[in-house]
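Bear in mind that the values in this text are calculations on the coordinates, not laboratory data. Since the model is a prediction, treat every value here as computed from it, not as a measurement. Backbone-built Cβ (ideal geometry, glycine too); neighbour counts: all protein chains shown.
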Amino acid sequence: MHYSWLSLLPPLVVIVIAALSRRLNIALLCGIISAALIVANGAPTDTALLLGTRFWSQIIDIEKAYLYLFLISIGAMIALFNYTGCARAFAGIILKRIRSARAAQTSSIFLSLMLFIDDYLSILTTGFVMTNITDRFGIARVKLAFLIHSFAGSVTILAPVSSWVAAITTYLGQAGVSPLVSANTIVLSDPFYVYLSTIPFIFYSFLIIGSVLYIIKRDISYGPMQAYEFESAKQIRPLTHQPETVPHSDWAFLDLVLPLATLFLTVLIGIPIAGGYPWVSFMEAIRQNNQTFLVMCLGGLIGLVVAFMLAHYRKTVSCNAYPALAKEGFISMKSSIIMILLAAVLGIMMREDLRAGEFLAQILLNATSLALLPALMYITSLITAIAIGSAWGTMALLIPLAIPMIATLSQLPAPIALSALPLLMPVLGAILSGAVCGNHVSPLADATIMTAVSTGVTPMQHFYTQLPYALPTIISCAFGFGLVGILMPLPLALNGVISLGCSMIMCLGMLEVGNKVWKK
């Protein structure tokens, strides 16, 4: 059957239902059912058989089991940090060293960096801890919300070990990226290595991080944010309570950092070993590795064991609390696990049954220049993320479309070596950038609501005060991806450096101009 535009119907169903209901898992399920009905020509029996086959193949996939265990271990670690209060105690240590408003803002960023493993952990912990501290120095709470939210997802997606990276590598694998040759392999490479190669093109993260640091250093203030800052400076509130501490709070730094460092080092060391290091070179080992999820699972479990051992040694948690914390970790990640499962089924159906990527490639091949593709994918990803309020959902929808599309445009037989697809990394970077950006500025996103709650402002206050600060980054990012397409004849690394550098200059210049114009 020639599906033509029907192959794009399931993603549209997901976007519309998610935007209206704000229940992404329900939207994904509706998208899966619509895809199955299209493939089966509406026949109920064939539709049920196809759904059963696709779901069963994901349920028995051992790689997915490793991924789910990794996410649950992260959830349990977050629950343990909250239970023992080590993150809040660590913030109490930071408070003793804060002497100015600028230092308070910088400390909120530093705490976000320390909690890179998960954006929700970063938002909730940093917001709860830093609100009263920034009140003490007359910093508007909407300003704190902007700082926290800007760094959370942007830093997490750049960290090679995080809950986001686990999802991204899953989506890449589902889209046909694999180090093993099979009938479903499109790109012959390890998903984790593809992710690492894409990091330099996640422009939005670098631009928003640079913007925040520049705003703090130059004390930039304009737009609706300025009124809140002026009001806060007039009525500096006293510190209503000290951040909660725990026994041995002087050890809070070690209690927080050691489990995260263990997780990070286990993955960093385990991936090249799984790829054959030291018998082959380090980079070759990373390329050959096909056990990423197993290594991440082991890293998460070992990091969790270290966290429990430290908490038990400090006597901040009893053995009786272990089952409850493990259960809390599962509950906190349950929605993400279900979403990954549903996204996996939809991604496979989009690629193998509907072949939506190939259909899009044929449209773009005749209708637009390849130089515009990174910018178009960034704008598409941004609009999708704003509409559905989910970075993960956006990546789950667009990555399975983009990879087959790029492969078809290359006109090379599958499986294709990664080096033969220079356009792939900029396009993936554009999708990830748009997803992070949309998740940052969308009033529908869970992260927006969590940030508002953790800092004591309303979601709409947070939305409209941070938007003028985010707009220069959004515009500059689109310009950067447009420049990437124009400079594609250059070596990929040089292209990325030039495009990101020009975007950063443009972004900081717009912030400076906006600040000066507003003051006049």
Among 434-440, 76-82, how do they line up by average Cβ neighbours within 10 Å per residue, starting with the highest? 434-440, 76-82
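Listed highest first by mean packing, meaning other Cβ atoms within 10 Å per residue, what order do 121-129, 271-279 come in?
On the way: 121-129: 25.1, 271-279: 17.3.
For the peptides 121-129, 271-279, the packing ranking is 121-129, 271-279.
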Shape of region 13-115, Cα gyration tensor, a/c cut at 1.5: prolate
Cross-link reach from LYS519 to aspartates and glutamates, straight Cα distance under 15 Å and at least 8 residues apart if same chain, gives ASP219, GLU229
Below 17 Å, Cα to Cα, which aspartates and glutamates can LYS64 reach? Residues fewer than 8 away in the same chain don't count. ASP190
Roughly how many whole Å is it from the C-alpha centroid of region 441-520 to that of region 2-74? 32
Could you work out the pair-distance distribution P(r) of region 376-520 from its alpha-carbon pairs, with 10 angstrom bin width and percents rounded to whole numbers? 11, 33, 33, 16, 6, 1
Taking the simple approach of a point 7 Å from Cα along Cα-to-Cβ for both SER410 and THR458, what is their distance in nm? 5.1
In whole Hz, what ³J(HN,Hα) sequence does region 378-393 give by Karplus (6.51, -1.76, 1.60; θ = phi - 60°), x for Gly and Pro? 5, 5, 4, 5, 4, 4, 4, 5, 5, 5, 9, x, 8, 5, 4, x
Taking the simple approach of a point 7 Å from Cα along Cα-to-Cβ for both PHE230 and ILE93, what is their distance in nm? 4.1
Straight-line reach from LYS520: which aspartates and glutamates have Cα under 13 Å away, leaving out those fewer than 8 places along the same chain? GLU512
In cubic angstrom per residue, the convex hull of region 436-520 built on its Cα atoms measures 106
Work out Dmax and Rg for region 77-154 from the C-alpha atoms and quote the Rg first, both in angstrom. 11.5, 33
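May I have the convex hull volume per residue, in Å³, for the Cα set of region 1-61? Numbers along the way, then the final one.
Working: hull volume 5.4 nm³, N = 61.
So the per-residue hull volume is 89 Å³.
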Skipping prolines and chain starts, which residues have an amide H placed within reach, meaning under 5 Å, of the one on VAL177, given they are 5 or more residues away or on another chain? ILE186, VAL187
Average projected area [Cα convex hull, region 268-342], square nanometres: 6.8
Relative contact order of the chain, please, whole-number percent, based on alpha carbon pairs below 8 angstrom and at least 6 residues apart. 24
Scaled to the compact-protein estimate 2.2 N^0.38 Å, what is the alpha-carbon radius of gyration of the chain, rounded to two decimal places? 0.97
Reciprocal mean inverse distance between Cα atoms of region 152-214 - Kirkwood radius, Å: 12.7
Sorted by mean Cβ packing within 10 Å, highest first, what order do the peptides 392-405, 197-210 take? 392-405, 197-210
